[in-house]
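Throughout, read-outs are computed from the coordinates displayed, never taken from laboratory work. Since the model is a prediction, treat every value here as computed from it, not as a measurement. Positions of Cβ are generated from backbone atoms using ideal geometry, with glycine treated the same way; all protein chains shown enter the neighbour counts.
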Amino acid sequence: MRGWIRRFLTKRRVKDAEGRRTREVRIQEDVPSERIVSLVQFTVVAIVVLSAIEIVHIVVLKVWNAEVFAAITALIGTVTGVIIGKKA
């Protein structure tokens, strides 16, 4: 999972090789830090666990739990912010 997150958050830029007559293109990759990869991994696992808790709560008690849903929404916002910030 860490490799998939690392590949997804890697920013790729195309650069032209300067000073040459032939057209060469270089691709520069900016790999994300391990902290960001760990943060995204933790939040994805937390979203899965909280979703399972919400499903069990609905099946067993037959009632929607707004607090768990608010936590899921907050974590989705965190992951989205990291992805948009890293890709920009």
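Residues Lys86, Lys11, Lys62, arranged from fewest to most other Cβ atoms within 10 angstrom of their Cβ, appear as Lys62, Lys11, Lys86. Its DSSP H runs of at least 4 residues, each contributing -39,500 (n - 2.57), put the calculated 222 nm mean residue ellipticity of the chain at -22500 deg cm²/dmol, to the nearest 500.
Calculated FRET efficiency, Ala66 to Ala46, Cβ-Cβ distance, R0 = 30 Å: about 0.95 to the nearest 0.05. Just add up the charged neighbours of Ser38: K/R +1, D/E -1, any other residue whose Cβ is under 13 Å from the Cβ of Ser38. Residues close to Ser38 contribute a combined charge of +2.
Normalised by the number of residues in the chain, the average gap of Cα pairs under 8 Å and 6 or more apart makes the relative contact order 29 percent. Partner lysines whose Cα lies under 21 Å from the Cα of Lys87, excluding those fewer than 8 positions away in the same chain, are identified as Lys11, Lys15.
Helices meeting the span-like rule in the chain (full DSSP H runs, Cα extent of at least 24 Å along the helix axis, mean Kyte-Doolittle score of 0.5 or higher): 34-61, 66-87.
Note on Arg35 and His57: their simple-model spin labels are 3.1 nm apart, each label 7 Å out from Cα toward Cβ.
Between Arg35, Arg12, Arg26, find the one with the highest GNM mean-square fluctuation for the chain; connect C-alpha pairs within less than 10 Å. Its mean-square fluctuation being the largest, the pick is Arg26.
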